[in-house]
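Colleague: Following this message is one structure expressed as C-alpha cells.
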Amino acid sequence: MVVFATGVTSNPMLASGYASCVAAPLVGPEGAVQGVLSVYCRAPRAWREEEIEALAAFAGNASAALSSAELYQSVALQQERSVAILSNIADGIVAVDRDGKVVLWNSAAERITGVPGEEAQGRPPAEVLQRELESGEEAPAGERLVSLRRGGEEIWLSLTEAVMRDPAGAVAGRIFAFRDISAERVVEEMKSEFVSNVSRELRSPLTSIYGFAETLLRGDVEFGEEERGTFLGYIASEAGRLTAIVDRLLAVAQLDSGDLQVQVAPTDVGELVSEVVAAAKQSLVLDGHEFVLDLPPEPLAADADREKLRQIVTDLVENAVRYSPGGGTVTVSARRRDDSVEVSVQDEGIGIPQAEQGRIFAKFYRAETGRRELAGGGTGLGLFIAKELLAAMRGRIWVRSLEGDGSTFSFSLPLAARPVLSERE
Ligand code: ADP
C-alpha cells in the first residue's frame, strides 16, 4: 500500500515546509506494520507509477532485511544463552560436526578429560582422547560406560549421545554428554569386594567349627580326653575369630551412626602392649615371626579406652604378621614424647606403596600389594576403625613404609594427667 499526502499538517515533515510525500509500509513477518518508508518533496508534485513501484519494492526489501536482522539477533541471543548454559553445566558436553570434528568442548569436559578446549577444537575426539566417543549407531540409546586415561589414571565416564540431523535426514553432528563416575565405581567395587571378603572371613571359621563339632558328634569314634580338648580348643578359638569379625562390623555401624562411645581413663600402655603381644604369640599362626618388645621400665599412662586400645594394637600386630608372609621380626615399642605416648608396630613385610599410604585408613580400602601377594582375606576395616577410635580418644595414627621393605604403624595418645597404678609394679 502506498499513501500520498499533501498539506497534512500533523506530519512534522510537511509542517516544516515539505509539500508532498509518498509512503510505503514496512511489513513484518506476521503481516504487522513495523514502520513506514516515506519520501518527501519540497514542491507539490504527483508521483509517477514507476517511482511508486520502486518505493514499494524498496520497502519490501527493507522489511525483509529488518526481519532477518531481528531473527539473526534472536538466534545470536539464543546461542549465547545455550553456550552459557553448556559451559556452566556440571556434565561434560562435547559436540562434533558432520565430519566428526569438535565444535564445542565445555569447561566440565575440560575438567573431566583434562584436555583444554583449544586443544580439542577442530579435531576428532578419538584423536584428542585416544578413545572413540561415538557409538557408531544410528540412534544410540541410554547411558554407556566409557573408560579414558587422564594423566596416569584411568577414569570412568557415564556417557549419553544424541545425533543431530539436517532437514534431509543426514547426520549433521553429534552431542555427547558425560559424567565422571570413577569415584562411585571405586566405591561399588570396594563394596562388592567387601561383601565377598566378609562372607569368606565368616565362612572359614564357621566351616572349622562345623567340622570339629561334627567330628566330636560322631558316634562311631571314641575320642580321648586330649583329642576332645584339642577339638574344643579349635572350636573356641574359631568362635573367637567370628566374634572379632562381627565386632568389627558392629564398630563400623556404630561409627557410621555416631553411636560409638569411648570410656577414657588413665591406662598403662606398656602393660597393655605386652598383654597383646603375649596373646598374639598364642593365637596367631606364626611362620618364622619373632616379636620384640621395646618398652621403658616405668609405666606409660595415656588417656585411653583400655578395650578399644587393645583392639587397635591387636589389629596392628595381626596386620604386621599377616603382611609379612616371609616371616621376620615384629617390633612393638612404646615411649613417652612430650605430652603424648607413642606406640609403634614395625614389621619387615611387604610394605605399602607410597601412593596407597594415604588411602589404607579409608573404609573398605585394601592396598593392591596386600591383595596381590596374599590370598588370605581381610575386610579393609581394621585401620579405618583404628583411625576413628584414636580420633575419639584425641589421638592419631600414621604409617611409614617402603614397598617391599616393611611398614611401621605408629599412633599417639594424650599423656594422662594422673598416673596409673600398674599391675607390673
Ligand atoms: P585388612 O587388613 O582387613 O585388609 P586393614 O584396614 O587392617 O584391612 O588394612 C588395610 C590395608 O592396608 C590392607 O589391606 C593392606 O593392604 C594394608 N596394610 C595394613 N597393614 C599393613 C602392613 N603391616 N604391611 C603392609 N600392608 C598393610
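Laboratory data are not the source of any read-out in this text; all were calculated from the coordinates shown. Just so it is clear, the structure is predicted and the values come from calculations on it, not from any experiment. Note that we place each Cβ from the backbone using ideal geometry, even for glycine, and neighbour counts take in every protein chain shown.
Colleague: Using 0.36 nm per residue of separation minus the Cα-Cα distance, give me the extension gain between VAL39 and LEU286 in nm, one decimal.
Modeller: Extra length available between VAL39 and LEU286 comes to 78.0 nm.
Colleague: Hey, which lysines would be in cross-link range of LYS281, C-alpha to C-alpha under 30 Å, not counting anything within fewer than 8 residues on its own chain?
Modeller: Here the lysines satisfying the reach criterion relative to LYS281 are LYS308, LYS363, LYS387.
Colleague: Another question about this same structure. Near the amide H of GLY328, under 5 Å away, which other amide H atoms are found, from residues 5 or more places off or on another chain, if H is placed in the peptide plane?
Modeller: Result for GLY328 returns HIS289, GLU290.
Colleague: While we're looking at this one, here's another question. Using the Cα centre as the reference, give the magnitude of the dipole from point charges on the C-beta atoms of region 3-85 (Lys, Arg: +1; Asp, Glu: -1; all else neutral), rounded to the nearest 20 debye. Numbers along the way, then the final one.
Modeller: Values: 4 positive and 7 negative charges, 57 e Å.
Using only the charged Cβ atoms, the result is roughly 280 debye.
Colleague: Multiply the residue separation of ALA46 and ILE85 by 0.36 nm, subtract the distance between their alpha-carbon atoms, and state the gained length in nm to one decimal.
Modeller: Value of the extension gain: 8.3 nm.
Colleague: Let me ask something else. Please list 238-248, 261-271 highest first by mean number of surrounding beta-carbon atoms within 10 Å per residue.
Modeller: Output ranking for 238-248, 261-271: 261-271, 238-248.
Colleague: Enumerate by residue number the trypsin sites (Lys or Arg not before Pro) in region 20-107 meeting two conditions: DSSP loop (anything except H, G, I, E, B), and at most 14 other Cβ atoms within 10 Å of the site's Cβ.
Modeller: Passing sites in region 20-107 are ARG42, ARG45, ARG48, ARG98.
Colleague: Further, regarding this structure: Taking R0 as 35 Å, what's the FRET efficiency between ARG98 and GLU30 from their Cβ-Cβ distance, rounded to 0.05?
Modeller: Working: r = 33 Å, r/R0 = 0.95.
Plugging the Cβ-Cβ distance into 1/(1 + (r/R0)^6) gives 0.60.
Colleague: If you don't mind, there's one more thing I want to ask. Quick one: 3J(HN,Hα) in Hz for region 206-223, Karplus 6.51/-1.76/1.60 with θ = phi - 60°, rounded, Gly and Pro as x.
Modeller: Values, residue by residue: 4, 4, 5, 4, 4, x, 5, 5, 4, 4, 4, 7, 4, x, 8, 10, 9, 8 Hz.
Colleague: For Cα pairs less than 8 Å apart in space and 6+ apart in sequence, what is the mean separation divided by the residue count of region 89-180, i.e. the relative contact order in percent? Spell out each step's value before the answer.
Modeller: Working: 183 pairs, mean separation 27.4, N = 92.
That works out to 30 percent.
Colleague: Could I ask something else about it? Tally Lys and Arg at +1 and Asp and Glu at -1 over the other residues with C-beta under 14 Å from the C-beta of GLN254: what net charge comes out?
Modeller: -3
Colleague: Follow-up question, since we're still on this one. Got the relative contact order for the chain handy, in percent, Cα pairs under 8 Å and 6 or more residues apart? It would help to have the intermediate numbers written out before the result.
Modeller: Working: 678 pairs, mean separation 39.6, N = 425.
RCO, the chain: 9 percent.
Colleague: How high is the relative contact order of region 212-306, in percent, counting Cα pairs under 8 Å that sit 6 or more residues apart?
Modeller: Reported relative contact order: 32 percent.
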